[in-house]
Amino acid sequence: MAFSWEEFLEIARYLSEFNNGQGFSNEAAYRTGISRAYYAVYCYANDYAVSKLGYKPSGKNQHRELIEFLKGIDSHKEASSHLLSLRRYRVQCDYYNFLDFDPANNIKLSIKLAESLISKFKL
């Protein structure tokens with residue numbers, strides 16, 4: 001049976017309610033949750049684009065490539081923009097010491113965007 005990418009979103013929801021005490025900080029939980037929310041959407045969007053829109057990933061820069069592919073389809077421009085935002089948040093959370101947003105607030109926004117996009121991309 002195929003993995004359910006929505007489980008990543010469930011992990012993000014769980015981490016959004018996290019409170020110190022498990023041996024790591026709230027910020028670590030929120031950063032991880034934001035990352036999981038993005039990957040939940042990315043994987044749904046990729047599967048949808050391949051099976052419903054004829055998308056063929058090239059193997060390089062697949063995240064950017066998928067966003068650009070969706071951007072080129074009128075009915076998916078807004079979804080592409082939201083996916084790009086989630087990707088930017090995820091990159092900051094995964095790679096940078098300092099964020100230009102508050103992860104405690106952003107995790108809730110990321111989850112809301114992810115829920116909306118997943119409902120659009122469910123097969």
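The values are calculated or read from the model by the stated rules, or taken from the named source; none is laboratory data. This is a predicted model, so every value here is computed, not measured. All Cβ positions, even for glycine, are placed from backbone atoms using ideal geometry, and neighbour counts span all protein chains on display.
Go through Tyr89, Tyr96 for me and flag whichever is under 18 Å from the mean Cα position of the chain (by Cα) and surrounded by fewer than 12 Cβ atoms within 10 Å (Cβ to Cβ). Write out each step before concluding.
On the way: Tyr89 fails: surrounded by fewer than 12 Cβ atoms within 10 Å (Cβ to Cβ).
Selected residue: Tyr96, the only one of Tyr89, Tyr96 that is under 18 Å from the mean Cα position of the chain (by Cα) and surrounded by fewer than 12 Cβ atoms within 10 Å (Cβ to Cβ).
Every residue in the stretch 1-51 that is among the aromatic types (Phe, Trp, Tyr) and in contact with a helix residue (DSSP H, G or I) (Cβ under 6 Å, 6 or more places away or on another chain), please. Lay out the reasoning, then the answer.
Kept after step one, since they are among the aromatic types (Phe, Trp, Tyr), are these residues of the stretch 1-51: 3, 5, 8, 14, 18, 24, 30, 38-39, 42, 44, 48.
Those that are among the aromatic types (Phe, Trp, Tyr) and in contact with a helix residue (DSSP H, G or I) (Cβ under 6 Å, 6 or more places away or on another chain): Trp5, Phe8, Phe18, Tyr30, Tyr38, Tyr39, Tyr44, Tyr48.
The numbered conditions (1) aliphatic (A, V, I, L, M); (2) crowded, with 19+ Cβ neighbours inside 10 Å; (3) farther than 19 Å from Ala114 by Cβ are all true for Leu53 except (2).
Only residues that are outside any loop (DSSP other than H, G, I, E, B) and free of Cβ contacts under 8 Å to residues at least 12 places away in the same chain were counted in the stretch 81-118, giving 8. Ala104 fulfils the conditions (1) within 25 Å of Leu15 (Cβ to Cβ); (2) at pLDDT 95 or above except for a single criterion, (2).
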